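Computed from the coordinates by the stated procedures, all read-outs in this text should not be read as laboratory data. Remember, predicted model here, so these are calculated numbers, not experimental data. Cβ placement follows ideal geometry from the backbone for every residue including glycine, while neighbour counts extend to all protein chains displayed.
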Amino acid sequence: MHRTKQQTTGRTTQRTVLGAATTALGVALTVAGPAAPSAAATTTGAAGYAGDARVATNAQRADHGRARVGSDGCLQRMAARQADRMARAGRMWHQDLQRVLRDCDMRLVGENVAQGYASGRATVDRGWMRSAGHRRNILDPDFRAMGLAARQGEGGRWYVAQVLGAR
């Protein structure tokens, strides 16, 4: 879990980090065990995996009385870039959310990353929702937009990046 908030007053922009320094890794989730994806994950591919995680995110928000988060092209590009980089490197980390704030013109952003879950639904329901910081990002009522991407790394291990934002 990684969050950054930007507050603008007049011409001065102040950035405040919530929960962790922007250069810190924050909290990320890893599932131990076989790296091979489930049959369901391999037949749907990265788009299906990410789509399932998107549906699961909005289902969790609905279950908790929150509005659904819609798609945002800039946040999607940031999530895809991060998932690609993590899969190529074979490890997880958080991207610089100050850049996401600036490039996507957001006032608040949060990021969840994970690796090793067999499906998008499992990433959300069994991973992020069972972690206080990740859950807080998913259920934050201020977040109204999301980018979400999943990529497979070496050995078929899934790497996932979810970037949530508010304008």
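Could you go through the stretch 100-112 in sequence order and give the Karplus-derived ³J(HN,Hα) for each residue, using 6.51 cos²θ - 1.76 cosθ + 1.60 with θ = phi - 60°, rounded to whole Hz, and x for Gly and Pro?
4, 3, 5, 5, 9, 6, 10, 9, 8, 9, x, 9, 10
With Cβ to Cβ distances under 13 Å as the rule, what net charge do the other residues near A118 carry (K, R +1; D, E -1)?
Details: positive: R121, R126, R157; negative: D52, D125.
Net of charged neighbours comes to +1.
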